[in-house]
Each structure stands twice: as C-alpha cells, then as structure tokens.
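Student: Take a look at the following structure, please.
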Amino acid sequence: MSSNVDEIKRDDPVSVLYRHNPEWADVIPIEQDDGLASVVSIAYSEKFKDVFDYFRAIMKSQEVSERAFKLTSDAVATCPANYTVWQYRRKLLKDLKKNLFNELEMIGNFIIEEPKNYQVWYHRRVLVEWLQDATQELSFTAEVLQDDPKNFHAWQHRQWCLNIFSLWDNKDHSELGFVTERIKEDVRNNSAWNQRYYVINNTTGFSDEVLDNEISYTWYWITKAPSNESSWNYLRGILNGRRKAYLHPNLKSDCLYLVSQDLTSSHLFAFLFDLFEEELDDLNDDVENNYKLELLAKAGELCNRLSDEIDPIRRKYWKYMKRRLTSKFGQNEYLNS
C-alpha cells in the first residue's frame, strides 16, 4: 500500500487518548447522553468513550481539518458499523479535497477485514460513484467472493457496478462466464444462481432459445445434485411466467425418470407435483377423462409420499395440498387410494 494512504488499523489502539493530547486541548469533549435513568448502561472501553466524545464535539462544531479526518479514522477503527462517522468522513473527503483513489485503496483493505459490514461497502460504492471509475470493482469483488462465495454485500456491489457501468460483457470479461465458474466450483451456491438469473435478465433476456439452453444447463446440475435446492429454485424462476413446465418436451419425463431411480429429493417430488397440478388446471373437457384421473392419482401419490416419507416436516402442508386437489377436481375416490 502506498505511503500516502490514510490506513485505518483496527488492531493499533490510539497511543495517546485525545483528552491527553495537547493538539486537542481546545476541544471540549461531549459525553454520550443516555438520559437520567438508563436501564442498562453499556460498558464502553476507555478508548471508545474518548474517541466518540471528541467525535461528537467536532460533529457539533462541524470542524473541517486534518485532525478531524484522522479522528474519523480512529472512530471507524473503533466502531466500523457507525454510519454517522462514515458520513462525516465523506464530508471531510470532499471539503479537504482528499485523494479518492487513496481512500478507495484504504476501504478495500478495510473490507477484506470487515467483509460483512454494510457501511464499508456503502462507502466504497460512494467513492466509485464520485470517481465514475469501476475498473477495479469486478476484480475486487471476485477477490472477496473467493474467500466468501455467498457474501451478500459483495454480490450486491457487483450487481450495482455491472448495471451502472455496463460491465456485463467485453473483451476482458464475461459476467455470465464468471458466474458459470462459480456454479461449477459450488453448485449449491445460491448466490451464484441468483447472479446468473440477474445477468441473463439484464442482458439477453429469456428468449425461447435462451430459456431452452438454461433449462438444459440447470437440468445437468440437477442430475449431479438432485437434492440441491438452489438449482431447483433457479429452474422454477426461469419458468415462472414464461413457460409451463409440463409443456416442455422433456421435463416431465426427466423428472419421472429420476423418481424411477428411487431418488427421494423433496425438491424433485414438489416440482413434479406442481407440474401435474399445472397440467390439470389446463385440461379442458375434451381431454379423455382417464388421463385426467391418472394425473390426479399420480399427484395424490406424490402428496402421500411427501407427507409420510420424504418431507414429513411439512406433513400438514402436503395433506392440505391433497385436500385442495379434491376440492378443485372433485375426484375423491382417486385421491384417497
């Protein structure tokens, strides 16, 4: 890290308390006011009280100075989730005309230590917005995701940069390729599946061709891990409002094949149940009655197996779903078998 970067060190306590520092002799610290009858007083450390007593003082006077900027460094190092400190630091960054690239480097190091702190990610977003430069953001978030592949803040920041700066696909980067690799590394990474949906929805869209490709892609991973909820949720998501599952030429037969292999994935059975119910809803009076009764019997059997064997934690739900079939289609004798 370059020598002129204002580095915040959380493990390096203030060597001299502000109230003992001659540079701050002109400032009257303001103690926290917890009221006359505090029910539970927080046992703040001496360092914490000292830093924030002086921070409240400069906030009140709206001081703009290098010493105030240094105080914000100590304050966020002491309590990195304090929004007010970060907000005042941003005011000082502008008023003091600080080097924003240095600040970007500092906050990058801070995020590596505090990757699940909303305030540090928001601070970085503001800096990128001020700079109008997101050239480091994809590689930076990729570094964070390498250590924590499901970090919500990293994915959210990445999505914001992709959208605002149109970084979806260029000669140096393909976001769809990036997310494909993340799924390959961990097929159960729900964040990566969510990102895949976000990318396609904001670029090519789900045309018939894209949808067919995505169904095939998702089914490949379902066969690798049939009990993985992430891929099943993605399949439901891409079909929702676009195509009914039973109308796909292979989905029903592929699901039935997995069932025939004695797989007991609750997600498989639930998906197949919804497929059957969706088809039953669309059947008209011209359809042969035996086919309708066959579908009803299969849907009822799925409910039985889900409630009794595969998904007993939701037994009452599956019992209810079976009763609903009876109410909708009025073939009680076939559903009670």
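Student: Work out how much length Cys79 to Thr180 would gain on full extension: take 0.36 nm times their residue separation and subtract the Cα-Cα distance, in nm to one decimal.
Tutor: 32.6 nm
Student: How much length is gained if the chain between Thr135 and Lys224 is pulled fully straight, taking 0.36 nm per residue apart and subtracting their Cα-Cα distance, in nm to one decimal?
Tutor: 28.4 nm
Student: Grab every C-alpha pair in the chain, bin the distances at 20 angstrom width from 0 up to the longest one, and report whole percents.
Tutor: Histogramming the chain at 20 Å steps yields 24, 36, 27, 13, 1 percent.
Student: Of Lys150/Lys252; Lys150/Lys319; Lys60/Lys116; Lys292/Lys319; Lys171/Lys244, which sit over 26 Å apart, Cα to Cα? Show your work: numbers first, answer last.
Tutor: Working: Lys150/Lys252 32 Å; Lys150/Lys319 35 Å; Lys60/Lys116 30 Å; Lys292/Lys319 21 Å; Lys171/Lys244 36 Å.
With Cα atoms farther than 26 Å apart: Lys150/Lys252; Lys150/Lys319; Lys60/Lys116; Lys171/Lys244.
Student: Per residue, how much accessible area does the chain have with a 1.4 Å probe, in Å²? Walk me through the intermediate numbers first.
Tutor: Working: 18260 Å² over 337 residues.
Roughly 54 Å² per residue, with all protein chains present.
Student: Filter the trypsin sites (Lys or Arg not before Pro) in the range 124-161 to those in DSSP coil with at most 15 other Cβ atoms within 10 Å of their Cβ, and list the result. Can you show the working numbers first?
Tutor: On the way: sites: Arg124, Arg125, Lys150, Arg158; in loops: Lys150.
Hits after loop and neighbour filter: Lys150.
Student: Go through the range 228-337 and name the GluC sites (Glu not before Pro) that are in a DSSP coil and have 11 or fewer other Cβ atoms within 10 Å of their Cβ.
Tutor: Working: sites: Glu229, Glu277, Glu278, Glu279, Glu288, Glu294, Glu301, Glu309, Glu333; in loops: Glu288.
Loop-located and lightly packed - Glu288.
Student: In whole Å, largest first, what are the principal axis extents of the Cα atoms in the range 66-183?
Tutor: 47, 25, 17
Student: Separate question: Compute the acute angle (0 to 90°) between the alpha-carbon long axis of helix 208-224 and the principal axis of greatest extent of the alpha-carbon atoms of the chain; round to the nearest 10°.
Tutor: With both axes taken from Cα atoms, the answer is about 90 degrees.
Student: So, with +1 on the Cβ of K and R and -1 on the Cβ of D and E, and no other charges, what is the size of the charge dipole of the range 52-129 about its Cα centre, to the nearest 20 debye?
Tutor: 240 debye
Student: Still on this structure, I have one more. In nm, what is the difference between 0.36 nm times the number of residues separating Glu113 and Phe165 and their Cα-Cα distance? Walk me through the numbers on the way to the answer.
Tutor: Numbers: separation 52, 0.36 × 52 = 18.72 nm, distance 2.65 nm.
Difference between extended and current length: 16.1 nm.
Student: Which residue, chosen from Asn151, Ala68, Ala134, occupies the Cα position most advanced towards the positive end of the dipole of the chain, where the dipole is computed from +1 (Lys, Arg) and -1 (Asp, Glu) charges on Cβ about the Cα centre?
Tutor: It is Ala68, whose Cα lies furthest towards the positive end.
Student: Let me ask something additional. Given R₀ = 45 Å, what would the calculated FRET efficiency be for Arg188 paired with Ala25, taking r from the Cβ atoms and rounding to 0.05? Please report the intermediate quantities before stating the final value.
Tutor: Values: r = 58 Å, r/R0 = 1.30.
Computed FRET efficiency for Arg188 and Ala25: 0.15.
Student: Compute the distance in nm between two label points, each set 7 Å from the Cα along the Cα-to-Cβ direction, one at Tyr197 and one at Arg56.
Tutor: Result: 4.6 nm between the two label points.
Student: Follow-up. Please state the shape class of the range 173-275: rounded when a/c is under 1.5, otherwise prolate if a/b exceeds b/c and oblate if not, all from the C-alpha gyration tensor.
Tutor: In terms of gyration-tensor shape, oblate.
Student: For a test of the definition: using alpha carbon positions, the gyration tensor, and the 1.5 limit on a/c, classify the range 44-107 as rounded, prolate or oblate. Kindly include the intermediate steps, with their values, before the conclusion.
Tutor: Numbers: a/c = 2.21, a/b = 1.39, b/c = 1.59.
It is oblate, given that a/c is not under 1.5 and a/b is not larger than b/c.
Student: Using only Cα atoms and rounding to the nearest 10 degrees, what angle (0 to 90) does helix 83-95 make with the longest principal axis of the chain?
Tutor: 60 degrees
Student: Let me ask something additional. Using only the alpha-carbon atoms, how far is helix 175-185 inclined from the longest principal axis of the chain? Give it as 0 to 90 degrees, nearest 10.
Tutor: 80 degrees
Student: Where in the range 27-93 are there GluC sites (Glu not before Pro) that are in a DSSP coil and have at most 14 other Cβ atoms within 10 angstrom of their Cβ?
Tutor: Glu31
Student: Hey, what number do you get for the chain at 222 nm if only DSSP H runs of n ≥ 4 count, each worth -39500 (n - 2.57), divided across all residues, to the nearest 500? All intermediate terms of the calculation are to be shown ahead of the outcome.
Tutor: Working: 16 runs with 210 residues, N = 337.
Using -39500 (n - 2.57) per qualifying helix, the result is -20000 deg cm²/dmol.
The values are calculated or read from the model by the stated rules, or taken from the named source; none is laboratory data. Computed from a prediction, not measured in an experiment: that's the story for all the values here. A quick note on method: Cβ atoms are made from the backbone with ideal geometry, for glycine too, and the neighbour counts reach across all protein chains shown. Ligands, DNA and RNA are excluded from the accessible area calculation, which covers all protein heavy atoms including side chains. Shrake-Rupley method; radii C 1.70, N 1.55, O 1.52, S 1.80 Å.
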